[in-house]
Every structure is written in C-alpha cells, then in structure tokens.
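The values are calculated or read from the model by the stated rules, or taken from the named source; none is laboratory data. Not measured: the values here are computed from a predicted model. Positions of Cβ are backbone-derived with ideal geometry, glycine not excepted, and every protein chain shown enters the neighbour counts. To get the accessible areas, we keep the full protein, side chains included, count just its heavy atoms, and leave off ligands, DNA and RNA. Shrake-Rupley method; radii C 1.70, N 1.55, O 1.52, S 1.80 Å.
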Amino acid sequence: MLNQLGSLFIEPFKNVLGRIIEFIPAMVGAVLILVIGVLIANLLKRLIEKVLVISKLDTMSEKMGVSDFTYKIGFGRSLAVIFGFLVYWLVFLVFILSAAELMKFTVVSELLNHFILFIPRLIASIFVLVVGIIVGNFLDNLVAKVSEANKIEGSSKLGKITKAVIIIFASIISLEQLKIGTLIVSDTLRIVLASFAIAIGIA
C-alpha cells in the first residue's frame with residue numbers, strides 16, 4: 001500500500017523533474033542565441049547608420065522635404081536612424097525565431113515568421129513613399145514654374161495639388177507593398193490623376 005502511494009507521488013515528480021532537466025539545455029541555448037542576436041543586430045544597426053550618414057542620406061532627405069514628412073508621421077527626421085532601426089529588428093527577430101524553434105514554441109515561431117516576412121515589405125513601402133515625396137516635390141516646382149511662365153493663375157496652388165496627388169498615389173502603392181487592399185482607392189486615384197494631367201495639358 002505504501003509503495004503504491006509512494007509511486008503515486010514520486011512518478012509524477014520524476015516526470016516533471018525529467019522534463020525540467022531536458023528543458024534547461026534548450027533554455028540556455030536560447031538565451032545564448034538571443035545574446036548573440038542582440039550583439040549582431042546592434043553591430044549591423046550602427047554599421048548601416050554610419051554608412052547612410054557618410055552617404056549624406058539625411059542631408060539629401062532634408063533638402064527634398066522627406067525628413068519633414070517622416071517627422072510628421074512620427075518616424076523622426078533621420079532616414080539613417082529609421083533604416084537602422086528596421087535592420088536591427090529584422091536581424092534580432094531572426095535570432096528570436098531561432099530561439100523559439102530551439103525551445104519548440106511552435107506558435108511563437110509561426111508568429112515571428114510572419115513578422116520577419118513583413119519587415120522587408122515595410123522597408124520597400126518606406127522606399128516607395130520616399131521616392132513619391134521626392135518626385136512630388138520635383139513636380140511641385142516644375143508645374144509651378146511652367147504655369148507661371150505660361151501666365152496661368154494659381155500656379156503655386158497647381159504645384160501643391162500635383163505634389164499632393166503624387167504623394168497620395170505613392171502612399172497607395174506603399175500600402176499595396178504591405179499587402180493592404182487599396183484596389184478601389186487606387187483605381188479612383190488613377191482616374192483623378194489622368195484627368196488632372198489632361199487638364200494641365202489642355203491648359
């Protein structure tokens with residue numbers, strides 16, 4: 001009777017202890033992976049920021065009006081810092097994914113995998129938006145000068161409208177990069193943009 005009671009309590013304890021002992025090496029390995037991930041992600045972040053600062057990306061973005069736009073939407077003024085931040089999390093998430101797989105956290109692994117696939121799309125989205133702002137600023141000045149040279153009233157307003165349309169159009173393409181459905185809005189804007197271009201041409 002005592003042996004049966006003893007085995008009733010001891011066996012579950014042994015099973016739990018055995019699982020803990022099996023779990024410890026995986027946990028230590030996961031912690032090491034995360035520490036290495038933080039170090040490598042920080043290193044790459046600093047490297048990317050330095051390269052972009054040396055290439056004067058922030059100076060160019062300031063002149064082209066990109067910094068003002070990124071500041072207004074809450075990303076800050078420095079494109080070098082933004083891209084450094086994205087690279088850091090892309091690299092670190094890869095290491096977190098490896099740690100989660102080592103610990104056999106299947107649900108966490110799948111979720112992180114979606115995040116990792118999302119970050120390159122986010123970078124592409126930001127790139128499209130930046131190009132849109134640059135083109136918008138260029139066309140703003142071009143349309144304003146052409147309209148003024150041809151003595152068209154409201155030349156400054158025409159330039160601003162052109163810039164706004166281009167940025168909105170770029171924003172929609174940017175959202176499409178993030179796999180966000182914008183088909184109806186995109187088609188509508190294309191019609192508006194085409195109509196606006198025809199109107200400018202006739203003028």
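Arrange the residues 121, 77 by how much accessible surface each exposes, largest first, with a 1.4 angstrom probe. Present the calculation step by step, with values, prior to reporting the outcome.
Values: 121 75, 77 100 Å².
Ranking 121, 77 by accessible area, largest first, yields 77, 121.
Sort 45, 145 by heavy-atom solvent-accessible area, probe 1.4 angstrom, most to least. The partial results should precede the final answer.
Details: 45 55, 145 140 Å².
The ranking, largest first, comes out as 145, 45.
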Checklist outcome for this item: The answer for the net charge of residues other than residue 144 whose Cβ lies under 14 angstrom from its Cβ, with Lys and Arg +1 and Asp and Glu -1, is +2
Checklist entry - Just the accessible area for residue 107, please: 1.4 Å probe, Å², rounded to the nearest 10? => result 120 Å²
Checklist outcome for this item: Put 175, 43 in order of accessible area, largest first, probe 1.4 Å, and you get 43, 175
Checklist entry - Counting Lys +1, Arg +1, Asp -1, Glu -1, what net charge surrounds residue 163 among other residues with beta carbon under 11 Å of its beta carbon? => result +1
Checklist entry - Which value, in Å² and to the nearest 10, is the accessible area of residue 24 when all protein chains are kept and the probe is 1.4 Å? => result 80 Å²
Checklist entry - Where does the charge balance sit around residue 81 when Lys and Arg score +1, Asp and Glu -1, over other residues with C-beta under 12 Å from its C-beta? => result +2
Next on the checklist: What figure, in Å² to the nearest 10, do you get for the accessible area of residue 82 with a 1.4 Å probe and non-protein molecules left out?
Outcome noted: 20 Å²
